Amino acid sequence: MIFKKLISYLNQRQEKANNRLIEERVLLGSDRQRVLYFLTFKELHENVEASMNQLRTLLQRKGKLIINGNLKLPMITKLMLLSKRHDRHFTIVVNDGYRLSMLQDIEKKEHLAVIFEEEPSE
C-alpha cells in the first residue's frame with residue numbers, strides 16, 4: 001500500500017514540476033524500496049498529534065527517521081527527540097532551503113517533511 005502511495009506522490013510531483021525531478025532528491029536521499037512511511041508538510045501540520053503518534057508506532061520497528069531540514073526548528077526538535085527516545089537514528093536533510101523558505105504557507109506545501117526508512121532485514 002505505501003509503495004502505491006509513494007509512486008502516486010512521485011507522479012503527482014512530476015506532473016506539477018517544470019523540469020524532470022530526480023527521485024532521490026524528492027525522497028530526501030532515500031531509496032523508494034526502503035520507505036515505509038512518509039508525510040508531507042501539509043499532512044504533518046494538518047494533525048500534528050496524530051502524525052507524531054503514527055511515528056511513535058513506527059519507531060518501535062528498526063529503521064531511521066529522515067527529517068526535512070526546512071521544517072521549522074521546533075518541529076525538527078520534536079522529531080529528533082522522538083527518534084532519540086526510541087533509540088533510533090535520524091538524519092536531517094536540507095535541499096535548497098533558501099528557495100523553499102521564500103514560499104508562503106510552507107505548512108501547506110506538498111514537499112516531504114518526514115520519511116521513516118525501514119532497515120533491510122538480514
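The values are calculated or read from the model by the stated rules, or taken from the named source; none is laboratory data. Here the structure is a predicted model, which means the values were calculated and not measured. What goes into the accessible areas is simple: the full protein's heavy atoms, side chains included, and nothing from ligands, DNA or RNA. Shrake-Rupley method; radii C 1.70, N 1.55, O 1.52, S 1.80 Å.
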Prolate/oblate/rounded label for the chain (Cα gyration tensor, a/c 1.5): oblate
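Over the chain, give the accessible area per residue in Å² for a 1.4 Å probe, as an integer. It would help to have the intermediate numbers written out before the result.
Values: 7930 Å² over 122 residues.
The answer is 65 Å² per residue.
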Bridge type composition, the chain - antiparallel percent by DSSP, nearest 5: 65
Protein accessible area in the chain, 1.4 Å probe - carbon and sulfur %: 48
Most fluctuating residue given options K62, K78, K109, as computed from a GNM of the chain linking Cα atoms under 10 Å: K78
Mean separation of Cα contacts under 8 Å (6+ apart) over length of the chain, as relative contact order %: 39
In order through segment 48-58: 3J(HN,Hα) via Karplus (6.51 cos²θ - 1.76 cosθ + 1.60), integer Hz, x for Gly, Pro: 4, 4, 5, 5, 5, 5, 5, 5, 4, 5, 5
Accessible area (Å², 1.4 Å probe, nearest 10) - D31: 80
